Amino acid sequence: MKAKLEQLKKEFLEQLEKVNSAEELKELENSFLGKKWSLKEILKWIKDLSIEDKKTIWVEANILKNELLENIEKKAIELEEQKYKDIEKQEEIDVSLDFPQEDLWHKHPISITSELLEEIFISLWFKIADGPQIETEKYNFDMLNIPDNHPARDVWDTFWIDDEINKDRKSWDKYLLRTHTSPVQIREMLKGELPIKIIVPGRVFRYEQEDARHTSNFYQLEWLVVWEWVSLANLKWTLSTVMKKLLWDKTEIRLRPSIFPFTEPSAEIDVSCQICNGTWKVWKENCKMCSATWWVELLWAWMVHPKVLQWAWIDPEKYSGFAFGMWIDRIAAQRFWVSSSRMFYQSKLKLNEQF
């Protein structure tokens, strides 16, 4: 009986070597271990053995059965690995081949504009800061001097995160998609590393009525300087330098007094429209970007409110700060003479392929 078991094992291993597919392996398993398995055929003669021999043969038969199963499992793994090796070989790419590189991709105008802005500010010794797009109400509103009952919140109809997440949170700790990049300025000030000279480019979200200048998802860039005794004169010089580099020397700038809860004093900054360049005056055609006014609101600027400095543990008696903000989308539209910033989000290849 032992000789038959050894012979069975030998036959199994010989046939296992010839198996080249999962189907063949399944057939082999059924042949040796299925309902009509070979091992069962051998064991049906066990009734003619003595009691001691029966015990020995049963043990050896179970050991053999486990060995067969183990070999089948190993073979299945080998076949699976070989399958993927064959696929890899078939799909192998010769990286040494020359591939044409023309027109494979184009940088998006917003990416081009963002990189240009970063280069300008880095040349002025600014650092780049970043923060989360999902913010808490504390950083997005409260620490910017915009409490829950402030009318400025009505301007930003906000995208709040699901009620299931916010329902058990306190009012200042609720999550929303950030409406501006100003929360990053708060985060930087709370680090306590003075002086501060940073820019914050990033994506923001507002529930806006879309037109040539507004979208519900757009890109901002803000910059912040907190130093000893900086003033509005420093703000105006930085603004003038950046805009001359960005939109050419002939660009005209207009500052209008404004009010922001987190700043004092504040200004909105208009730039002469690069789309129509004032030609609507001659041709009497309305420019959608500037609404036939020749001015486009591209930036806003301010001196940081003393309360905001105090909440960030910065002494307003010693330090002061100024900041700018701009819509990168509108800057890109002005720089590349695109009549509507909405076009940047419409996957228009004819537009992107120009850059």
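Out of the residues in segment 117-146 that are among the polar types (S, T, N, Q) and farther than 19 Å from Tyr219 by Cβ, which is surrounded by the fewest Cβ atoms within 10 Å (Cβ to Cβ)?
Taking segment 117-146 and keeping what is among the polar types (S, T, N, Q), we get 123, 133, 136, 140, 145.
Keeping just the survivors that are farther than 19 Å from Tyr219 by Cβ gives 123, 136, 145.
On the way: Ser123: 11, Thr136: 20, Asn145: 19.
Out of the qualifying residues, it is Ser123.
Residues satisfying the criterion are absent from segment 200-215 (criterion: assigned to a helix (DSSP H, G or I) and of a type outside the set (Ser, Thr, Tyr)). Residues in segment 336-350 that are part of a helix (DSSP H, G or I) and either loosely packed, with under 15 Cβ neighbours inside 10 Å or within 25 Å of the chain's Cα centre (by Cα) (or both): Ser341, Arg342, Met343, Phe344, Tyr345, Leu349, Lys350. In segment 258-287, of all residues being at pLDDT 70 or above and in contact with an Asp or Glu (Cβ under 8 Å, 6 or more places away or on another chain), the one that is surrounded by the fewest Cβ atoms within 10 Å (Cβ to Cβ) corresponds to Ser258.
So is Ser114 surrounded by 14 or more Cβ atoms within 10 Å (Cβ to Cβ) and closer than 22 Å to Leu299 by Cα or not? Against the criterion (surrounded by 14 or more Cβ atoms within 10 Å (Cβ to Cβ) and closer than 22 Å to Leu299 by Cα), Ser114 qualifies.
Taking the listed residues Leu39, Leu13, the one that is aliphatic (A, V, I, L, M), at pLDDT 70 or above, in a helix (DSSP H, G or I) and over 30 Å from Met343 (Cβ atoms) is Leu13, with no other qualifying.
Of all residues in segment 286-305, none satisfies being under 30 Å from the mean Cα position of the chain (by Cα), part of a loop (DSSP other than H, G, I, E, B) and charged (D, E, K, R).
Within segment 181-196, the only residue that satisfies the criterion of being surrounded by fewer than 20 Cβ atoms within 10 Å (Cβ to Cβ), touching a residue at least 40 places away in the same chain (Cβ under 8 Å) and either among the basic types (Lys, Arg) or in contact with a helix residue (DSSP H, G or I) (Cβ under 8 Å, 6 or more places away or on another chain) (or both) is Arg187.
The values are calculated or read from the model by the stated rules, or taken from the named source; none is laboratory data. Every value quoted in this text rests on a predicted model; they were computed, and no experiment measured them. Using ideal geometry, Cβ is built from the backbone for each residue, glycine included, and neighbour counts are taken over all protein chains shown.
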